[in-house]
Amino acid sequence: MKLLAIDTSGDACSAALLVDDRVQQELQIAPRRHGELILSMMQSLLDDSGLQLHELDGIAFGRGPGSFTGVRIAASVTQGAAFAADLPVIPISTLAAMAQGQFRRRGQRRLLAALDARMDEVYWGCYQIGDAGLAELHGEECVCPPDRAPLPPTSEGWAGVGPGWSAYQAILQARMGGAVETTSPEAFCEARDIATLAATEFSAGRQLPPEQAIPIYLRDQVTRTA
Amino acid sequence: MRVLGIETSCDETGVAIFDDQQGLMAHAVYSQVDIHAAYGGVVPELASRDHIRKTLPLIRQVLDEAGLDKGSIDGVAYTAGPGLIGALLVGSAIGRSLAWGWKVPAIGVHHMEGHLLAPLLEEPSPQLPFVALLVSGGHTQLVDVTGIGRYRILGESLDDAAGEAFDKTAKLLELPYPGGPELAKLAEHGDPGRFRFPRPMTDRPGLDFSFSGLKTFALNSIKTALAESTDPDQARADIARAFEEAVVDTLVIKCRRALRETGRKRLILAGGVSANRRLRERMSTAIAAEGGEAFYPQPALCTDNGAMIAFAGCQRLRAGQHEPLVFKPRARWPMDHLEAVSSS
């Protein structure tokens, strides 16, 4: 299997190329410079592998939540590239990718992924690593005030992941009671973890046509009167 | 050379294919007016969210309509500014990535250059050099055009754009959004002699405009008229007529002055307000009386569209200009900073 994966949902800009069980990644911390970097990263990964875009099986992208503009950049680039090369697309949750990344780095299997959604809210997702070593969602992702974040299914052994845990550390800890043992607020979404999750989606036949590379914002109320 | 053009700078998604041998092969526009109507103006985040849903389906549509395989596109042009940055990013990212995937050159086009060159899509098309009046909801500019990319701003609005004045006055007259075209319709039933609006900045030299005072004048006229009138609907129509006359008169006076000052014979009008029927009639008559000629795009190409972007992009791509593997739209982008195309 050959997949390109990209993420531009936060301050980092990353692209990864998965070829069977090997993943190569390019990553830069580059706020607001995604448009200058992302296509070059994708080209460079293809160049290094000797592959052409049309030889891939699909393009995966971080579909959100995250910066509205950021997730739209990844979705738009995915739409354009996938349409041009007749490839399907695979949208992957940025929260799931953060949880997957934490498992890759630290081996932790119970993960509460949180991003700072501003306006005193977090984007929230509760993930458990299954037998296949992949992040599986428990319940639903949501945007909510940190003191109303959904509680995990068990009361101990959870790890807090992502910058939501620095923005609202005390409130989230209080809300979770004793369930959270460690926090890694420095963790962020990376394309390599999107690629890992996308490979399974692809194997399960859950790829989509290019025009369905659409962001999931979670925050759908963006005007006062809507 | 066959170019796909993408326009997403504000609240219209436009896609088109222009071929320098066969002309405009297909174009489609999706308007977001209904989405923004409830708010009385464009909500930038909602605009961006809609562009990303509409752009690719429109690209499929124009390829189908033109009966073209996507492998036959030689270049991609997209609006890179000025406009709403989030909206511009969607079209730029899709356009630049398409070109990357197709291995064809890409070019970011200045939105107002697109409008300015739109009359060149018509037959007969005006010869260079000419003076252009760009008149829309966001811009009112007089530009001396000596070549593609060779633009000198002669004058512009110091406050509201003409189209903005139309929309704001329409709102005062309680017309539905977007009010400009509604105001023009209402004005057809109005008595031109009942109210007399000022013609701002016409009594002094120069080619700048100011339209913000007109809406204040309209507001006062509405109060007076509704206090004394037995027929409020007629009063609104009369005010709409007087307002439209004032804007048209002002634009005509400045355009005539611009032709005299530059010695040009040809005037082109472009932008959403250039679809206004009264403006076209009065301008053509006035410019003909000066021994000149006025040119307009067809009404469908006056408002935002992908055809003008494909056309402008084609001129630049043909001259060898193209973008690196980067998309970097700009909310602000002065038109007189554009690179000239030497071959024209």
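Numbers for the structure displayed
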item: Positions within the stretch B:242-282 being assigned to a helix (DSSP H, G or I), surrounded by fewer than 20 Cβ atoms within 10 Å (Cβ to Cβ), more than 16 Å from the chain's Cα centre (by Cα) and in contact (Cβ under 8 Å) with a residue 60 or more places away in the chain, in sequence order; result: B:Glu261, B:Thr262, B:Arg278
item: Positions within the stretch A:180-221 being free of Cβ contacts under 8 Å to residues at least 40 places away in the same chain and among the aliphatic types (A, V, I, L, M), in sequence order; result: A:Ala204
item: Enumeration of residues in the stretch A:160-198 that are at pLDDT below 95 and in contact with a Phe, Trp or Tyr (Cβ under 9 Å, 6 or more places away or on another chain); result: none
item: Qualifying residue in the stretch B:310-325 (condition: assigned to a helix (DSSP H, G or I), surrounded by fewer than 24 Cβ atoms within 10 Å (Cβ to Cβ) and touching a Leu at 6+ places or on another chain (Cβ under 9 Å)); result: no
item: Of residues in the stretch A:97-112 being touching a Phe, Trp or Tyr at 6+ places or on another chain (Cβ under 6 Å) and either buried (at least 24 other Cβ atoms within 10 Å of the Cβ) or farther than 19 Å from A:Gly133 by Cα (or both), the one nearest to the other protein chains (Cβ to nearest Cβ); result: A:Ala99
item: Test set (1) part of a strand (DSSP E or B); (2) surrounded by fewer than 16 Cβ atoms within 10 Å (Cβ to Cβ); (3) in contact (Cβ under 8 Å) with a residue 24 or more places away in the chain - A:Cys126 fails condition number; result: (2)
item: Boolean, B:Gln32 is of a type outside the set (Val, Ile, Thr) and within 24 Å of A:Leu87 (Cα to Cα); result: no
item: Scope the stretch B:21-50; condition among the small types (Gly, Ala, Ser), buried (at least 20 other Cβ atoms within 10 Å of the Cβ) and not in a strand (DSSP E or B); matching residues; result: B:Ala47, B:Ser48
item: Of residues in the stretch B:207-241 being assigned to a loop (DSSP other than H, G, I, E, B) and at pLDDT 95 or above, the one surrounded by the fewest Cβ atoms within 10 Å (Cβ to Cβ); result: B:Ser210
item: Output for the stretch A:43-57, where each listed residue is surrounded by 14 or more Cβ atoms within 10 Å (Cβ to Cβ) and more than 8 Å from every other protein chain (Cβ to nearest Cβ); result: A:Ser44, A:Leu45, A:Leu46, A:Ser49, A:Leu51, A:Leu56, A:Asp57
item: Test set (1) assigned to a helix (DSSP H, G or I); (2) more than 8 Å from every other protein chain (Cβ to nearest Cβ) - B:Ser97 fails condition number; result: (2)
item: Residue that is more than 14 Å from every other protein chain (Cβ to nearest Cβ), within 14 Å of A:Ile92 (Cα to Cα) and surrounded by fewer than 18 Cβ atoms within 10 Å (Cβ to Cβ), where the choices are A:Arg192, A:Arg148, A:Arg206, A:Arg175; result: A:Arg206
item: Subset of the stretch B:303-344 [under 22 Å from the mean Cα position of the chain (by Cα), of a type in the set (S, T, N, Q) and over 15 Å from B:Gly147 (Cα atoms)]; result: B:Thr303, B:Asn305
item: Residues of the stretch B:193-206 classified as over 19 Å from B:Lys168 (Cβ atoms) and surrounded by 13 or more Cβ atoms within 10 Å (Cβ to Cβ), total; result: 2
item: Residues of the stretch B:64-94 satisfying the condition of being surrounded by fewer than 24 Cβ atoms within 10 Å (Cβ to Cβ), at the interface with chain A (Cβ under 10 Å from one of its Cβ atoms) and not in a helix (DSSP H, G or I); result: B:Ile73
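Rundown of residues vs (1) assigned by the TED database to the domain that holds B:Leu142; (2) within 20 Å of B:Val15 (Cα to Cα), yes/no style:
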| residue | (1), (2) |
| --- | --- |
| B:Gly263 | yes, no |
| B:Gly272 | yes, yes |
| B:Arg277 | yes, no |
| B:Ala286 | yes, no |
| B:Ala289 | yes, no |
| B:Ile309 | no, yes |
| B:Pro329 | no, yes |
| B:Arg332 | no, no |
| B:Ser342 | no, no |
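The values are calculated or read from the model by the stated rules, or taken from the named source; none is laboratory data. Note that the coordinates shown come from a computational prediction; the quantities given were computed from them, not determined experimentally. As a convention, Cβ positions derive from the backbone with ideal geometry for all residues, glycine included, and neighbour counts pool all protein chains shown.
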